[in-house]
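Participant: My questions all concern the structure below.
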Amino acid sequence: MNNRIRNLGIVIMLFAVISLAMGIVFIQQGFAKESYLVNAMTQEEIVLEGVEGVIDTPAEAQLAGDTVREHRHGIAPTYGELLGGERFDPTNPAQLSYAQALNLENYLYLAVASFGIFNVVKATGAFMLVMGLALGATGYGLLSTRR
């Protein structure tokens, strides 16, 4: 029986080490990708009246995306109504402005979604660290009962 408990303790300790390593990787990747996105957004130098500096946070990106959407709907309520059954004409200034606004809006909303994903990845990594510590304590407890 002691051999089984020892083997179980070793297996649990192995899972603890794996969980700790994965948790560290998740947290590091969450922060690294978030930093990458903030740098990319800063380089784009997107500014919005009422927001100090460039847009580089999820709240600012959400506000800017909503503002761009509001302005885009000022050109036409929908893409279909903008085209009026015709094909896209890049020489039409209204259609070109609409397409550019749509592109910027998508960029900003993608940034908002990405920041959310980064938070989920970091939280998952933190959970893995906690589980790794719990597993490590459990494995240590099993190994120490053998003595």
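What follows draws every value from the coordinates through simple rules; no lab data is involved. Computed from a predicted model, the values in this text were never measured in an experiment. With ideal geometry, Cβ positions are generated from the backbone for all residues, glycine too; neighbour counts draw on all protein chains shown.
Participant: Among Thr78, Leu133, Asn7, pick out the residue whose Cα is farthest towards the positive end of the charge dipole of the chain, where Lys and Arg carry +1 and Asp and Glu carry -1 on C-beta, about the Cα centre.
Facilitator: About the Cα centre, the residue reaching furthest to the positive side is Asn7.
Participant: Counting other C-beta atoms within 10 Å, and keeping those with at most 16, which DSSP coil trypsin sites (Lys or Arg not before Pro) do you find in segment 27-124? Could the numbers behind the result be given before it?
Facilitator: On the way: sites: Lys33, Arg69, Arg72, Arg87, Lys122; in loops: Arg87.
Counting only loop positions with at most 16 other Cβ atoms within 10 Å, the trypsin sites (Lys or Arg not before Pro) in segment 27-124 are Arg87.
Participant: Could you tell me the distance between the Cα centroids of segment 8-40 and segment 89-135, to the nearest Å?
Facilitator: Each part's Cα centre sits 21 Å from the other's.
Participant: Then there's this: Any idea what the dipole of the chain comes to, in debye rounded to 20, about its Cα centre with Lys/Arg Cβ at +1 and Asp/Glu Cβ at -1? Intermediate values should be presented prior to the final figure.
Facilitator: Details: 9 positive and 13 negative charges, 355 e Å.
Computed charge dipole of the chain: roughly 1700 debye.
Participant: Could you calculate the contour length gain from Thr138 to Thr67, that is, 0.36 nm times the residue separation minus the distance between their Cα atoms, to one decimal place in nm?
Facilitator: Full extension of this stretch gives 20.3 nm more.
Participant: Next question, about the same structure. Can you give the convex hull volume of the alpha carbon atoms of the chain per residue, in Å³? Could the numbers behind the result be given before it?
Facilitator: Values: hull volume 22.2 nm³, N = 147.
Dividing the Cα hull volume of the chain by its residue count gives 151 Å³.
Participant: On to the next question. Quick check on packing: order 18-28, 74-84 by the mean number of other C-beta atoms within 10 Å, highest mean leading. Please list the in-between numbers first.
Facilitator: Details: 18-28: 16.3, 74-84: 12.5.
Averaged packing, sorted descending, gives the order 18-28, 74-84.
Participant: For the chain, take the longest principal axis of its alpha carbons; what is the angle in degrees between that and the long axis of helix 58-75, to the nearest 10 within 0 to 90?
Facilitator: On a 0 to 90 degree scale, this one is about 30.
Participant: Another one. If you average the sequence gap of Cα pairs under 8 Å that are 6 or more apart and divide by the length of the chain, what percent do you get for the contact order? Spell out each step's value before the answer.
Facilitator: Values: 147 pairs, mean separation 74.8, N = 147.
In percent, rounded to a whole number, it is 51.
Participant: How large is the helix-only mean residue ellipticity at 222 nm for the chain, computed as the sum of -39500 (n - 2.57) over DSSP H runs with n ≥ 4, divided by its residue count, in deg cm²/dmol to the nearest 500? Intermediate results must be reported in sequence, preceding the final value.
Facilitator: On the way: 4 runs with 119 residues, N = 147.
That calculation yields -29000 deg cm²/dmol at 222 nm.
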